[in-house]
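Taking it in order: structure first as structure tokens, then the write-up.
The values are calculated or read from the model by the stated rules, or taken from the named source; none is laboratory data. Everything quoted here is computed from the prediction, not taken from an experiment. Positions of Cβ are generated from backbone atoms using ideal geometry, with glycine treated the same way; all protein chains shown enter the neighbour counts. Ligands, DNA and RNA are excluded from the accessible area calculation, which covers all protein heavy atoms including side chains. Shrake-Rupley method; radii C 1.70, N 1.55, O 1.52, S 1.80 Å.
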Amino acid sequence: MKLAKRVSTLTPSSTLAITAKAKELKSQGHDVIGLGAGEPDFNTPDYIIKAAVQSMEEGHTKYTPSGGLPKLKEMIAHKFKQDQNLTYSSEEIIVGTGAKHALYTLFQTLLDEGDEVIIPTPYWVSYPEQVKLAGGKPVYIEGKEENDFKVTPEQLQDAITSKTKAFILNSPSNPTGSMYDPEELKAVGEAALDNDILIVSDEIYEKLVYGGAEHTSVAQLSEKLKEQTIIINGVSKSHSMTGWRIGYAAGRKEIIKAMTNLASHSTSNPTANAQYGAIAAYEKDDGSVENMRKAFEDRLNTIYDKLVELPGVTCVKPKGAFYLFPNVKEAAKMNGYDDVDEWVKDLLEEEKVALVPGSGFGSPDNVRLSYATSLDLLEGAIERIGRFIEKKKQ
Ligand SMILES: Cc1ncc(COP(=O)(O)O)c(C=O)c1O
């Protein structure tokens, strides 16, 4: 059957091919170290699980309002106030089935055919696809490695046309882990403001920041910037709740209202018991968010130093998230490869280490390595990568 154009032009997730290959090798009995994970390797804290179970036992198993339970919105508003001194009413918040779905609903709400959305590279793989699915056109600007993968207001300004609707800011970033400081945020934010472009600020890694750095949202910098911004966040990464599918968007009432109308015809509502779990997540702090953050920081500091000692490998030190995004172009070249994707494939085949090629994130000289796995495995992986580079030197 001939399928719709909108799905036939979708680019499959770049992690899929490598994950499938890693699984195949594992099933053949090979000792594969997979560093492709996009989710924390910790269990959801117990008190959250208990609250969700209790909600079901108490009969909260029915439809909820489309935009989320009033109590959950209240807790999200409380979190915004407490963590970022941002005030949002419940009409300015929509809960979706994960931050990914909140973004999807947002682009469906905002974009008409041909509207442009500016996306800095390297980007999270779903941004361009979601923009295209909504009929929009992704316009890329390069976050240069020498500028910690961050874009400048000049770059943003140059990319703006009469069709530009929005600009995506992801800080801390997947895949680079880089984070904008308040001055940089203000500069890019004001360039968006001057041109009346909506800022989509994806803050899903807000809680995972390192080296004493503090996360700032562009919306915190002025009332005008707050008006111009839609914040995307959720509990997936902060509370290790990826499978629960709870994320949210906050911003202008008219946008949130339209998103809620749309959600009422797609999901009806985010899963009820998962919403109760998210309420518990924000109601109480048992220290697990900070414990997870510390564990990630520990791993980062241990393996970063080892990674950058490898020949032909350079890496901007991440300030957040749980990924390293080294440039391995020189290592690949030393090993006789022009194409980093091919190098990644052979690394998996020969040394059984699965990395995600940077090409899927718009950065073909890099690879993404997730440290959401144990230190032992991480150290083992770096050792194997080193062995591969040495063995293949030409
Ligand atoms: C940058 C970024 N935004 C959003 C998401 C989606 O998160 P969720 O699990 O809440 O859909 C992810 C997940 O990998 C991500 O990396």
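Largest GNM mean-square fluctuation across L16, L103, L300, computed for the chain with C-alpha springs under 10 Å, falls on L16. Would you please state which residues of segment 245-260 a label at D112 would reach in this model, taking the label point 7 Å out along Cα→Cβ and a backbone N cut-off of under 17 Å? Under 17 Å, as judged by backbone N against the label point of D112, lie 255 of segment 245-260. Annotation: peptides 268-276, 356-364, ranked by per-residue average of other Cβ atoms within 10 Å with the highest first, follow the order 356-364, 268-276.
Convex hull volume of the Cα atoms of the chain, normalised per residue: 156 Å³. Each DSSP beta bridge with both residues in the chain is either parallel or antiparallel, and the antiparallel ones are about 45%. If Lys and Arg each add +1 and Asp and Glu each add -1, what is the summed charge of the other residues whose beta carbon sits under 11 Å from the beta carbon of E350? Net charge in that neighbourhood comes out at +3. Summed over qualifying helices (DSSP H, 4 residues or more, each -39500 (n - 2.57)) and divided by its residue number, the chain shows a 222 nm mean residue ellipticity of -13000 deg cm²/dmol. For the peptides 184-197, 152-165, the ranking by packing is 184-197, 152-165, with the highest mean count of neighbouring Cβ atoms within 10 Å listed first. Its relative contact order, with pairs defined as Cα atoms under 8 Å and 6+ residues apart, puts segment 1-147 at 18 percent. Among Y180, Y323, Y47, the residue with the largest mean-square fluctuation in a Gaussian network model of the chain, with springs joining Cα atoms closer than 10 Å, is Y47. Ranked from largest, the principal axis spans of the Cα set of segment 183-243 equal 38, 27, 15 Å.
Give the relative contact order (percent, whole number) for segment 50-111; include only Cα pairs under 8 Å separated by 6+ residues. Write out the running numbers ahead of the final one.
Working: 26 pairs, mean separation 16.3, N = 62.
Value for segment 50-111: 26 percent.
Projecting the alpha carbon convex hull of segment 148-190 along each direction and taking the average yields 3.2 nm². For helix 375-392, what angle does its Cα long axis make with the longest principal axis of the chain, in degrees from 0 to 90 and rounded to 10? Between helix and principal axis, roughly 40 degrees.
Hey, what's the per residue convex hull volume over the C-alpha atoms of segment 14-128, in cubic angstrom? Kindly include the intermediate steps, with their values, before the conclusion.
Details: hull volume 24.9 nm³, N = 115.
Roughly 216 Å³ of hull volume per residue.
Pairs of alpha-carbon atoms within less than 8 angstrom and 6+ residues apart define the contacts here; what relative contact order does segment 299-394 have, in percent? It rounds to 31 percent for segment 299-394.
Quick one: Kirkwood hydrodynamic radius for segment 166-218, alpha-carbon pairs, angstrom, one decimal? Don't jump to the answer; show the numbers that get you there.
Values: mean 1/r = 0.0874 Å⁻¹.
After inverting the pairwise mean of 1/r, the radius is 11.4 Å.
Of the solvent-accessible surface of the chain, computed with a 1.4 Å probe over protein heavy atoms with every protein chain present, carbon and sulfur atoms account for 49 percent. Per residue, the accessible area of the chain comes to 44 Å², computed with a 1.4 Å probe over protein heavy atoms only.
Apply the a/c threshold of 1.5 to the C-alpha gyration tensor of segment 209-257 and tell me whether it is rounded, prolate or oblate.
On the way: a/c = 5.67, a/b = 1.19, b/c = 4.78.
Oblate, since a/c reaches 1.5 and b/c is not below a/b.
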